[in-house]
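Below: one structure, written as structure tokens.
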Amino acid sequence: IDILGCIVKTEEREEKFNFPQIPLGITYRYLYTKKDSPLTPENYKNAENLQIAVIENSYNITAYENYISGENLDYNFIECENTEIMDKMLFDNYVDAAISGALPQISDMKLLAEFSPQPFYLAVSKSKNDILQELEYALTSLNYTNPEFITNLNIKYGLNTNISQTEISYADKQFAKEIRTLNVAWSPIWAPLELEAKDGTFSGYIRDIFDSISSLTGLKFNYIKYNTSEELHNLIK
């Protein structure tokens, strides 16, 4: 085998494979339940004695614990051998929800959350450095000539679930209203990521991202321009 795909990069895997610099996309863990479940993206963190099916000894357990980060201490993992058993337990009401590392292909199912985003890659055999170089060139060319390629694949195969937008609760929005305006440093030396508009204001790729964050959360930002790394260092101090 020359190329293996698609896998998340880990230290252990880097000992066995070479990875290109450019990932193919982002993979998530998915928390899901039955369509008629009373659980919703807004309330599942507050559920009492939440029973969650997971693949035994999988990273999904650690990923969920990191994601929930103490918000809901009243849950329990039910470890299963495979996804078929997980889904059967879910639809037979032995568990309340399940976690998968792939988007569940089940009818009458609803997603509660996407979490633990990680880039995934094509991996190349350690002995095939020539293939790695050609793969690097191909991925670079693809990203340059067709930057929407991965986005279009996500749309085609239904990977854009937009769960993250419903994850912003009323309490989160209230917090965003109360917190002070956050100062953000920017510089036109990072064009086109950061640009200076004709009127001297902050513009560009990164500004669009901050505008999206602001519209979703209510957070407010104040943009401070710098021209040199020394200026930036002083601003941070």
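Scanning segment 205-237 for residues that are under 20 Å from Ile179 (Cβ atoms), touching a strand residue (DSSP E or B) at 6+ places or on another chain (Cβ under 6 Å) and hydroxyl-bearing (Ser, Thr, Tyr) yields a total of 1. Answer with yes or no whether Ser169 is modelled with pLDDT under 95 and closer than 25 Å to Thr27 by Cα. Here the answer is yes, as Ser169 does meet what is asked.
From the list Asn66, Asn76, Asn57, the one residue that fits, being farther than 18 Å from Pro104 by Cα and part of a loop (DSSP other than H, G, I, E, B), is Asn57.
Which one is surrounded by the most Cβ atoms within 10 Å (Cβ to Cβ), of the residues in segment 32-52 that are in contact with a Leu (Cβ under 6 Å, 6 or more places away or on another chain) and assigned to a strand (DSSP E or B)? The qualifying residue surrounded by the most Cβ atoms within 10 Å (Cβ to Cβ) is Tyr32.
Output the number of residues of segment 7-31 satisfying the condition of being open to solvent by less than 60 Å² (accessible area, probe 1.4 Å) and within 21 Å of Gly158 (Cα to Cα). Total satisfying the criteria: 9.
Within segment 56-76, the set of residues being open to solvent by less than 40 Å² (accessible area, probe 1.4 Å) and in contact with a Gly (Cβ under 9 Å, 6 or more places away or on another chain) comprises Ser58, Asn60, Ala63. Within segment 182-237, being assigned to a strand (DSSP E or B), β-branched (Val, Ile, Thr) and open to solvent by less than 50 Å² (accessible area, probe 1.4 Å) holds for one residue alone: Val184.
Consider Ser164 against the criteria (1) assigned to a helix (DSSP H, G or I); (2) open to solvent by 60 Å² or more (accessible area, probe 1.4 Å); (3) at pLDDT 90 or above: it satisfies all of them except one. Which criterion is unmet? Here Ser164 meets the rest and fails (3). Within segment 97-152, being buried (at least 16 other Cβ atoms within 10 Å of the Cβ) and either at positive phi or assigned to a loop (DSSP other than H, G, I, E, B) (or both) holds for Gly101, Leu103, Pro104, Ile106, Ser116, Lys128.
A search for C-beta distances below 7 Å between a residue of segment 155-178 that is under 19 Å from Lys220 (Cβ atoms) and small (Gly, Ala, Ser) and any residue that is at pLDDT 60 or above and in a helix (DSSP H, G or I), counting only pairs 6+ apart in sequence or on different chains, returns Ala176/Thr217.
The values are calculated or read from the model by the stated rules, or taken from the named source; none is laboratory data. Computed from a prediction, not measured in an experiment: that's the story for all the values here. Methodologically, a virtual Cβ is constructed for each residue, glycine included, from the backbone with ideal geometry; neighbour enumeration extends over all protein chains shown. The protein model used for the area step is the full one, side chains on, heavy atoms only, and it has no ligands, DNA or RNA in it. Shrake-Rupley method; radii C 1.70, N 1.55, O 1.52, S 1.80 Å.
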